[in-house]
Amino acid sequence: MLTDAVTEAKRRQQVYGMLSLLFHEPPARNRVDALAEALPEAEGLLRALEESPADAVQQEFYSLFMVPGPAYTTPYESVYADAGIEANNRVKPRTFGPSTQAVMQFYDRIGLRIEKSYPELPDFIGLELACAEYLCAREAAYAEAGEGSHAERARSLCESFVRTHLSKWIPAFVARITEKATTAFYRQLAALALAWVTREAGPCAPL
């Protein structure tokens, strides 16, 4: 029988994992089901998926996160966290800035390697969520093996990463999605991600 610590770590792993996948590609029903199983607040997201035309939700994924255009919502930390780059007398949002470098250093620190074929930047929202998922998986494995101090270390690293990175920029990212999204699904997903990250980051997280 799993201990409460293992069960909770695996639940958090599942939430981070499903959120990561939902920012990587258009939603699949089984993934939203899995998220709702681990996080009761996601029942509203499931209803929104059921009530929205599938083609509209799929198209909005590409409009919001993949194809530059009026609805595009840049899904990279550095665009929100770092000062822009001045070019041709205009200040433009920057990618691969100092915050990206900091994220890469954190990945190196915990032994997380990005495959060369991975198409996104290191500070992509889906990859940062996957990093938290990875640390929750380590916490669960250590707790299951009875290695409490290592489990606590993994939990502390996850909280530090969420507080230092995700919680710093997800409010602005979510505000942009809320402004641009036309389907209830992506407005719900944005609100859910913000609420979860804020909760995980703890009382020091920005509102």
Run ALA42 past the list (1) at pLDDT 95 or above; (2) exposed (fewer than 15 other Cβ atoms within 10 Å of the Cβ) and report the number of the one that doesn't hold.
(2)
The lone condition ALA28 fails out of (1) in contact with a helix residue (DSSP H, G or I) (Cβ under 7 Å, 6 or more places away or on another chain); (2) surrounded by fewer than 15 Cβ atoms within 10 Å (Cβ to Cβ) is (1)
Contacts under 9 angstrom Cβ, first residue in segment 106-118 being more than 13 Å from CYS131 (Cα to Cα) and open to solvent by 40 Å² or more (accessible area, probe 1.4 Å), partner assigned to a helix (DSSP H, G or I) and at pLDDT 95 or above, 6 or more apart:
TYR118/LEU127
Being touching a residue at least 40 places away in the same chain (Cβ under 8 Å) and under 28 Å from THR100 (Cα atoms) is the filter here; which residues of segment 36-62 pass it?
GLU60, PHE61
Scan of segment 127-161 for residues that are open to solvent by 10 Å² or more (accessible area, probe 1.4 Å) and touching a Ser or Thr at 6+ places or on another chain (Cβ under 7 Å), ordered by number
ALA130, GLU133, ALA143
Would you tally the residues in segment 15-34 being in a helix (DSSP H, G or I) and in contact (Cβ under 8 Å) with a residue 60 or more places away in the chain?
9
Any hit, segment 56-68, residues being open to solvent by 80 Å² or more (accessible area, probe 1.4 Å) and more than 17 Å from ILE177 (Cα to Cα):
no
Say whether the condition of being modelled with pLDDT under 95, within 21 Å of GLU25 (Cβ to Cβ) and either part of a loop (DSSP other than H, G, I, E, B) or out of contact with any Phe, Trp or Tyr (no Cβ under 8 Å at 6 or more places or on another chain) (or both) is met by at least one residue in segment 128-135.
no
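The values are calculated or read from the model by the stated rules, or taken from the named source; none is laboratory data. Keep in mind the model is a prediction, meaning the values are calculated, not measured. Don't worry about glycine lacking a Cβ; one is built from the backbone with ideal geometry, like all the others, and counts go over all protein chains shown. Protein only, heavy atoms only, side chains kept; ligands, DNA and RNA dropped before computing areas. Shrake-Rupley method; radii C 1.70, N 1.55, O 1.52, S 1.80 Å.
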